[in-house]
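Please treat every number below as a calculation from the coordinates, not as lab data. Small disclaimer: the values here were computed from a predicted structure and weren't measured. Neighbour counts are summed over all protein chains in view; Cβ atoms, including those assigned to glycine, are modelled from backbone coordinates with ideal geometry.
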Amino acid sequence: MFGKRWNTTPRWYMVAGNAPWSYPASSLAWSAFRYELKPISLFVSDKENLNMTRRQMLALAGSAPAWMVSTSSAAAPDFTRMGGTPTAFSIRSRAGGGGRGGAGRGGAAQGAAPPAAPRPPFDIVEHCHNIGMGGVQIGGLPGTDAESIKQLRARVEGYNFHVVIDPRLPQPGGDLAAFDAQVKAIKEVGATAMHAAMTNRRYEDFDSFAPWKQMFERNQKTIEAVLPVLEKYKIPLAIENHKGWRSPEQAAWMKRLSSEYVGVCLDFGNNVSLCEDPMDTLNNLLPYVVFAHIKDMGVLEYEDGFLLSEVRMGEGFLDLKGMVQILRKKNPNMIIDLEMITRDPLKIPVYTTKYWGSFDDPSSPLPGRDLAKVLDRVRKSKKPLPSVAGLTPEQQLKAEDDNNNRCVAYAKQNLGL
């Protein structure tokens, strides 16, 4: 009777700009729920303490936004540690047969041979946990039924993971009801955001401006069509800079759209293929970044232009520490997920006519100063780039594992991730 026990008194607090995704600078977002532990006496006054606690809880919960009120006892997702993306594990995924909610998206790595023997299905959630990550991007839901949602949510909450999920976007005029069901399920899983790539490599798919413009307009119509669904469920869709458009073009699109539920998944290195300096890409897209794919990059000259490759963190030319600091300054809870793709280097044929075809219009320029800047870096680069060509399936898998493990260790030691 005269001992003490711990009582949890809930306390909400408000911060500006510290929600898992970015809000306009003028807005305030409820971004955390924490408990203050206080020892209380077990005398008669203890009953009054407990009654006060319930009243406080009801009052505080009543003033909180609906999307923050939850009966779950799980800890808040970890937004500080680096998560993993499907394409970081494409060789391991393919070896295990892939699968939505397990391997996620991510096709075969370029230059990779098929595996020699089947392996157990790849589970991206479990794998990210096993290598010490703090979250996961999943290439699609395993199902939208209640049981599938419950199981996936239990797993990611059990690991205190932040979660990003790729929905299947409808074509213009497509089935919005199916998309609505997906987004509802993704929200129920507990995802912080959704991801969409939307394009392939501009310089490979297009040799003139008009078809590229049609593609870009079609993508914009798709996003306009799904925007009401995003607003309904209040979950942001982050569109990656996926070698399909330069950052000024994407930033102008985001500015026109002006929605807190559509933003950018910043890929640290993709726009080097479009002759952009990575820091320029970051600064152009920064106002719209929801979360990021982190990687380091290397370049090397070849006869038609330059080779571009993901490399282990710290071995490339990106200012990783500076870029992470800029993102964390914008939002301390910014999700940053690893996309170290183990494959052969990509060929960026800037000396060919086709490469320039889709830029042949004043509305989509590629300034000569940007080309000069990237070529100067290429000219000074002499270090060989990694390749998987000629490796056995087992060697490729080991290379991918080694690359990812090195990046995880580097991020923890040098980037605070």
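Scan the range 354-371 and give yes if some residue there is on the phi < 0 side of the Ramachandran plot, among the small types (Gly, Ala, Ser) and surrounded by fewer than 16 Cβ atoms within 10 Å (Cβ to Cβ), otherwise no.
There is at least one residue in the range 354-371 that is on the phi < 0 side of the Ramachandran plot, among the small types (Gly, Ala, Ser) and surrounded by fewer than 16 Cβ atoms within 10 Å (Cβ to Cβ).
Would you be able to tell me the number of residues in the range 396-417 that are free of Cβ contacts under 8 Å to residues at least 12 places away in the same chain and closer than 18 Å to Cys128 by Cβ?
Of the residues in that region, 2 qualify.
Checking Lys243 against (1) part of a loop (DSSP other than H, G, I, E, B); (2) buried (at least 23 other Cβ atoms within 10 Å of the Cβ); (3) touching a residue at least 60 places away in the same chain (Cβ under 8 Å), only one condition comes out false. Which one?
(3)
Listed residues Ile326, Ile336; which is farther than 21 Å from Arg202 by Cβ, surrounded by fewer than 20 Cβ atoms within 10 Å (Cβ to Cβ) and in contact with a helix residue (DSSP H, G or I) (Cβ under 7 Å, 6 or more places away or on another chain)?
Ile326
Can you tell me how many residues within the range 157-185 are assigned to a helix (DSSP H, G or I) and out of contact with any helix residue (DSSP H, G or I) (no Cβ under 8 Å at 6 or more places or on another chain)?
6
Just checking, which of Arg343, Arg369 is assigned to a helix (DSSP H, G or I) and not hydrophobic (A, V, I, L, M, F, W, C)?
Going through Arg343, Arg369 in turn, the sole match is Arg369.
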